[in-house]
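Here the structure comes first, spelled out in structure tokens, and everything after it is commentary.
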Amino acid sequence: MNFTILRFDSIDSTNTEALNQAKQGADEGLCIVAKRQTAGRGRHGRTWISEKDAGLYFSLVLRPKIENKFLPLLTLMSAVAVYDVLQELYKLKPDIKWANDVHIDEKKICGILAEMTETKRGMVVVVGIGINLKSSNFPPELEEIATSIEQETNQKIDADKLLENLTRQLAKYYQILKNENGAATIRQQWAIRSTYFRGKSVTVKLENESVTGMTCGLEESGALRVETKNGEIKIIHAGVVERLRKND
Ligand code: BTN
């Protein structure tokens, strides 16, 4: 994949910009990067706080020619790429919380928001990645639940080097996903990097209910399987997964 990088000092949301550019015909490989976002978006309609230079805020345009049922694997693939970069560049020990949050010691360091749109040139998926570089500007409600590369390594972070390595890893796993049996490979790669794959007690908050049980692998599409107390297997396509602690 050839990358074209478009940089902004300030923008509403790199995902919104990438979706707009895709609608206007942008090629696969367009990356929108911003120093700050004024309306950064998270999953489930949340805001992604995006202070200047406190994070890497980045969105990638993809025009995937894969079966529709495998599209959710693009987010799993992206989490795998982030995991590898954090491990290789900074010697961190990440974990992936289903589906695609990257954590260090149970604190979130990266979030991923994939969005789809139809364009004249076909379907587009924009993968938006936010990686916390610094914790100094975290609002109090994030201090307990989030961390940053700087906090974990006590190093100043070179955002360009991080971006360069991240795009390289994304291109690698995207190529793998498109290969024959690529979907199975991505699921395996995700599974070996995530403690949520199997045997984790979780509660999943869905729109109108919650499911509590033990994780037991992934479906073909990357959906999470959760076995409830009465032995029923629930398939989670979307939802907020929370780990149950001993005293919960
Ligand atoms: C999450 O809720 O965990 C997903 C957060 C995704 C944030 C990134 S930052 C770059 C891109 N632009 C956005 O508006 N959101 C994503």
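Coordinate-derived values only; no laboratory data. Not measured: the values here are computed from a predicted model. Neighbour counts are summed over all protein chains in view; Cβ atoms, including those assigned to glycine, are modelled from backbone coordinates with ideal geometry.
For the pair Asn68 and Phe8, how long in nm is the line joining their label points, each one 7 Å along Cα→Cβ?
Taking the two extended label points, one gets 3.0 nm.
Short version: ³J(HN,Hα) in whole Hz for each residue of region 27-43, in order, from phi by Karplus 6.51 cos²θ - 1.76 cosθ + 1.60 (θ = phi - 60°), x for Gly and Pro, what are they?
Computed from phi, the couplings for region 27-43 are 6, 4, x, 5, 10, 9, 10, 10, 6, 8, 10, 9, 9, x, 10, x, 6 Hz.
Which of the trypsin sites (Lys or Arg not before Pro) across region 135-185 are loop residues per DSSP, with 11 or fewer other Cβ within 10 Å? Don't jump to the answer; show the numbers that get you there.
Values: sites: Lys156, Lys161, Arg168, Lys172, Lys178; in loops: Lys156.
Loop-located and lightly packed - Lys156.
Enumerate the amide H contacts of Cys216 below 5 Å, restricted to partners 5 or more residues apart or on another chain; note that Pro and chain-start residues carry no placed amide H.
Residues meeting the criterion, in which the H sits 1.01 Å from N, are Gly199, Arg225, Val226, Glu227.
What does region 107-248 give for Rg and for Dmax, in Å, if only its C-alpha atoms count?
Answer for region 107-248, Rg first and Dmax second: 17.9, 53 Å.
Two decimals is fine: what's Rg over Rh for region 31-71, C-alpha atoms, Kirkwood radius as Rh?
Numbers: Rg = 13.4 Å, Rh = 12.1 Å.
Taking Rg over the Kirkwood Rh, I get 1.11.
Check each of the GluC sites (Glu not before Pro) in region 180-240 and keep only those in coil by DSSP with at most 10 other C-beta atoms within 10 angstrom; list them in order.
Numbers: sites: Glu180, Glu207, Glu209, Glu219, Glu220, Glu227, Glu232; in loops: Glu180, Glu207, Glu209, Glu219, Glu220, Glu232.
Answer by residue number: Glu180, Glu207, Glu209, Glu232.
Net charge within 13 Å of Ile145 by Cβ-Cβ distance, Lys/Arg positive one each and Asp/Glu negative one each, not counting Ile145 itself? Mind dumping the intermediate values first?
Numbers: positive: Arg46, Lys97, Lys107, Lys108, Arg243; negative: Asp101, Asp105, Glu106, Glu141, Glu143, Glu144, Glu242.
Charge balance near Ile145 sits at -2.
Which Rg and Dmax, in Å, describe the Cα atoms of the chain?
Here Rg and the maximum Cα pair distance are 17.5, 53 Å.
Within the chain, what percent of beta bridges assigned by DSSP are antiparallel, to the nearest 5? If you can, show how the numbers build up before the last one.
Numbers: 47 of 55 bridges.
Antiparallel bridges make up about 85 percent of those DSSP assigns within the chain.
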